[in-house]
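Novice: Sharing a structure below in structure tokens format, with a few things to ask.
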Amino acid sequence: MHYLLMVFLLIAATGWSNDAFTGKSTVIILPSPAGQVSAPDKNLSVVMHPLDRSKGIVIVPVDYYASAGDYNLTWNTPGRKVPLPLSIKTVSYPAETLSVDPSKVTPPPEALERIAQEQAEAMSIYNTFTPIRYWDKPFIRPLESNITSEYGSARTYNGTLKSYHGGVDFRARTPLSILAANDGIVVLAKERYYAGGTVIIDHGEGLYSCYFHLSRFDVNVGDQVKQGQSIGLTGATGRITGPHLHFGIMAHAHQTDPLYLIEQINMLFKQESQGQLATR
């Protein structure tokens, strides 16, 4: 029996399932780099495994507010539809109370149009799927420093505004060089109302890394950057309580725990038994 058909039957017969967590992305390894995976809110492209061209991977982001439970995704590959069960578990994130400039909680009327334009611009970028992979190596952290605020922290600003932290904050009391997490193309480099000095890098195939609160830019839109290249300096611009680097990753237009996703991707470069392989 053909190997791929055996895999399809194995998945269907064993009820094999992936574990996933609210606010995080799970990387699923598939026995073919073909087709799409249908998730509740969009179709996710299956792309080539970085080491084994005969296999595919799909990055499945899970919304921060998703309900725990068992879900059924579908791998749509030529000639077949294969169920991919997904078991979502709730993560208990910490809480933070922060004091910031009141204008960054209740913006003045003249700033509202700017904020809306910046949000629309960012979402247009994140919703763009570049069918090219620019990276071919594991991701790195953009800064080697203490983490002062973890991803997912439930935040209350000035006792009123409530949100959650969409990235990881690294301490940077003095300006430090920020390193590109991996190869890619700079698609945004500008000052923004909330994020301050911002650089966004397109790594291809739906992955973007984001660097906020910069005091200086070392790159321009359209630049091709290499992993470890300095893209700017840390600072204290935008909505902040002090100087730091906010680092985030967007996966298929979803905020996701950047360090967890980096760990998942980097595992692909190690033994495949450490990843989530849909043939087990």
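Novice: Which residues, taken from segment 122-141, are within 23 Å of K190 (Cβ to Cβ), exposed (fewer than 15 other Cβ atoms within 10 Å of the Cβ) and over 15 Å from the mean Cα position of the chain (by Cα)?
Specialist: Scanning segment 122-141 gives a single hit, S124.
Novice: For segment 68-154, which fully contained strands (runs of 3 or more DSSP E) count at least 1 residues that are among the hydroxyl-bearing types (S, T, Y), farther than 30 Å from P175 by Cβ and touching a residue at least 40 places away in the same chain (Cβ under 8 Å)? I'd like the intermediate steps shown before the answer.
Specialist: Details: elements: 69-77, 80-89, 95-98, 147-149.
So the answer is 69-77, 80-89.
Novice: With the checklist (1) without any contact (Cβ under 8 Å) to a residue 12 or more places away in the chain; (2) crowded, with 17+ Cβ neighbours inside 10 Å in hand, flag the one item I57 doesn't pass.
Specialist: The number of the failed condition is (1).
Novice: Which number in (1) in contact with a Lys or Arg (Cβ under 8 Å, 6 or more places away or on another chain); (2) crowded, with 17+ Cβ neighbours inside 10 Å; (3) within 22 Å of D52 (Cα to Cα) marks the one condition that F269 misses?
Specialist: It fails just one condition, (2).
Novice: Further question on the same structure: Please verify whether segment 118-135 includes one or more residues that are closer than 20 Å to I262 by Cα, outside the structural domain of I59 (by TED's automatic domain parsing) and of a type in the set (K, R).
Specialist: Yes, that holds for at least one residue.
Novice: Those residues that are within 25 Å of T156 (Cα to Cα) and of a type in the set (S, T, N, Q), I need them from segment 228-271; list them, please.
Specialist: T234, T237, T241, Q255, T256
Novice: Name the residue that is surrounded by the most Cβ atoms within 10 Å (Cβ to Cβ), counting only residues in segment 148-191 that are among the basic types (K, R) and under 26 Å from P94 (Cβ atoms).
Specialist: R155
Novice: What is the one condition in (1) buried (at least 18 other Cβ atoms within 10 Å of the Cβ); (2) over 24 Å from M250 (Cβ atoms) that Y64 does not satisfy?
Specialist: (2)
Novice: Just checking, how many residues over segment 158-184 are without any contact (Cβ under 8 Å) to a residue 60 or more places away in the chain and in a strand (DSSP E or B)?
Specialist: Going through segment 158-184, the residues without any contact (Cβ under 8 Å) to a residue 60 or more places away in the chain turn out to be 160-163, 177, 179-180, 182-184.
Still in the running and in a strand (DSSP E or B): 161-163, 177, 179, 184.
Within segment 158-184, residues that are without any contact (Cβ under 8 Å) to a residue 60 or more places away in the chain and in a strand (DSSP E or B) number 6.
The values are calculated or read from the model by the stated rules, or taken from the named source; none is laboratory data. All of these numbers come straight from a predicted model, not from anything done at the bench. In this analysis, Cβ positions are derived from the backbone assuming ideal geometry, glycine residues included, and neighbour counts consider all displayed protein chains.
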